[in-house]
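Asker: What follows is a structure written as structure tokens; I'll ask about it next.
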Amino acid sequence: MNQRIQIKDTTLSLCPIGFGTANAGVAWDSEEAFKMLDLYVELGGNVIDTARIYNDWIDGEIGRSERVIGEWIKYRGGHDDLVIVTKGGHPPLENMQTSRLSKEDMTYDLNKSLDALEIDCIDLYFYHRDDVNRPVSELIETMQDFVRDGKIKYYGCSNWSTARMKEAMDYAKSKGYRGFVANQALYNIGSIHMKPYADETMVTMDEEMLEFHRTSDVLAMPYFSLCSGFFTKLATLGEGAVKDSPYYTEKNLELAKLINQLAEERNISLTQVIMGFLLTQDQPMCALAGASRESQLKDFMKTLELV
């Protein structure tokens, strides 16, 4: 397949698989982290996805994922060949209903991200959540100020409803702005049949949102692309290992049989079937996926050669 997605009216050219780095500094750290990130690039990737909040759930850590990526960027001598993606404005982990999308909160997070990543400008910066009590005009203008200040090139949203995205894009158009260039939401082969996720602030792509992406210039960047390992764990460890998963539903158990059958017929891995679902949609997607081992990374990146 085409190894790059060109987002309209931007200079951004993205690999169809972005590397999610919530594991940076945890499952792999220091030298191992550099090896994983280098391998992703060697396999054709160029999208490094992180967030200010990543790894803050570990006691004593703040911004660990960004810090590890910043060390890697310095080690490799720059990031001109990469698309660095990060997100700000995540609620405090102890109270997910508390909004942090004020101009002050976003400025604080952005400056911290720039410091941790050790770069002057972020390629693609996201609102990590929405606050429906804030007008879209305020939120778009905050991002536009960051663009004018030279701190970010482009911006997007994550976990926003379709209605709010449309409203924001209408406002941006009225002002002559490019507006959101990408949207991150939960989407994968099993998401339509899953039980509600524990975090109510996370938004799952539905048909309305998919249609929005088909008819707009906002790129879909689905996260949890590999279903948090549900189907591979089910196949290797059995139902007992996945009963607590939100993907554990009757329809997903039926789907698992079809995934296994297709993998066997095509002589490919389950992971490649699952990733292939996203890479063969009727609109471009940059699917975000993480890995804790080199073998996992090689497995899902191999999908680029198969579709």
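The values are calculated or read from the model by the stated rules, or taken from the named source; none is laboratory data. Worth saying up front: this structure is predicted, and the values here are computed from it rather than measured. Using ideal geometry, Cβ is built from the backbone for each residue, glycine included, and neighbour counts are taken over all protein chains shown.
Asker: Got a sec? Which of PRO91, PRO16 is at pLDDT below 95, crowded, with 16+ Cβ neighbours inside 10 Å, within 21 Å of PRO222 (Cα to Cα) and not charged (D, E, K, R)? Even if it seems obvious, please write down each step before you answer.
Answerer: Values: PRO16 fails: at pLDDT below 95.
None of the other options fit; the residue is PRO91.
Asker: Please find, among ALA33, ALA51, the residue that is buried (at least 19 other Cβ atoms within 10 Å of the Cβ) and free of Cβ contacts under 8 Å to residues at least 60 places away in the same chain.
Answerer: Values: ALA51 fails: free of Cβ contacts under 8 Å to residues at least 60 places away in the same chain.
Only one candidate qualifies: ALA33.
Asker: Among the listed residues SER295, SER216, identify the single one that is closer than 25 Å to TYR125 by Cβ and at pLDDT 95 or above.
Answerer: Working: SER295 fails: closer than 25 Å to TYR125 by Cβ.
Checking each option against the conditions leaves just SER216.
Asker: Identify all residues within segment 234-265 that are closer than 30 Å to ALA182 by Cβ and among the basic types (Lys, Arg); write none if there are none.
Answerer: LYS251
Asker: With of a type in the set (A, V, I, L, M, F, W, C) and loosely packed, with under 15 Cβ neighbours inside 10 Å as the only criterion, which of VAL68, VAL132, VAL85 stands out? Full working, then the answer.
Answerer: Details: VAL68 fails: loosely packed, with under 15 Cβ neighbours inside 10 Å; VAL85 fails: loosely packed, with under 15 Cβ neighbours inside 10 Å.
Just one listed residue meets the conditions, VAL132.
Asker: Right, something else. Looking at (1) more than 20 Å from the chain's Cα centre (by Cα); (2) modelled with pLDDT of 95 or more; (3) within 30 Å of THR249 (Cβ to Cβ), which one does GLN97 not meet, given that it meets all the others?
Answerer: (2)
Asker: Take ASN183 and tell me if it is within 20 Å of LEU101 (Cα to Cα), part of a strand (DSSP E or B) and polar (S, T, N, Q).
Answerer: Values: within 20 Å of LEU101 (Cα to Cα): yes; part of a strand (DSSP E or B): yes; polar (S, T, N, Q): yes.
It is true that ASN183 is within 20 Å of LEU101 (Cα to Cα), part of a strand (DSSP E or B) and polar (S, T, N, Q).
Asker: Among the residues of segment 61-70, is there at least one that is among the charged types (D, E, K, R), under 23 Å from ASP170 (Cα atoms) and not in a loop (DSSP other than H, G, I, E, B)?
Answerer: Just the residues of segment 61-70 that are among the charged types (D, E, K, R), to begin with: 61, 64, 66-67.
Subsequent filtering for residues that are under 23 Å from ASP170 (Cα atoms) retains none.
Among the residues of segment 61-70, not one is among the charged types (D, E, K, R), under 23 Å from ASP170 (Cα atoms) and not in a loop (DSSP other than H, G, I, E, B), which makes the answer no.
Asker: Are there any pairs, at least 6 apart or on different chains, whose C-beta atoms fall under 9 Å, with the first in segment 149-175 and without any contact (Cβ under 8 Å) to a residue 24 or more places away in the chain and small (Gly, Ala, Ser) and the second part of a helix (DSSP H, G or I) and surrounded by fewer than 16 Cβ atoms within 10 Å (Cβ to Cβ), and if so, which?
Answerer: Pairs that qualify, where the first residue is without any contact (Cβ under 8 Å) to a residue 24 or more places away in the chain and small (Gly, Ala, Ser) and the partner is part of a helix (DSSP H, G or I) and surrounded by fewer than 16 Cβ atoms within 10 Å (Cβ to Cβ), are ALA163/GLU208.
Asker: Residues that are under 27 Å from TYR154 (Cα atoms), at least 1 per element: which helices (runs of 4 or more DSSP H) completely within segment 197-279 meet that? Give the steps one after another, and end with the answer.
Answerer: On the way: elements: 207-215, 230-237, 250-266, 270-279.
Once the helices (runs of 4 or more DSSP H) in segment 197-279 are filtered for at least 1 residues that are under 27 Å from TYR154 (Cα atoms), what remains is 207-215, 270-279.
Asker: Which of the residues that make up segment 72-112 are part of a helix (DSSP H, G or I), touching a residue at least 40 places away in the same chain (Cβ under 8 Å) and of a type in the set (Ser, Thr, Tyr)?
Answerer: TYR75
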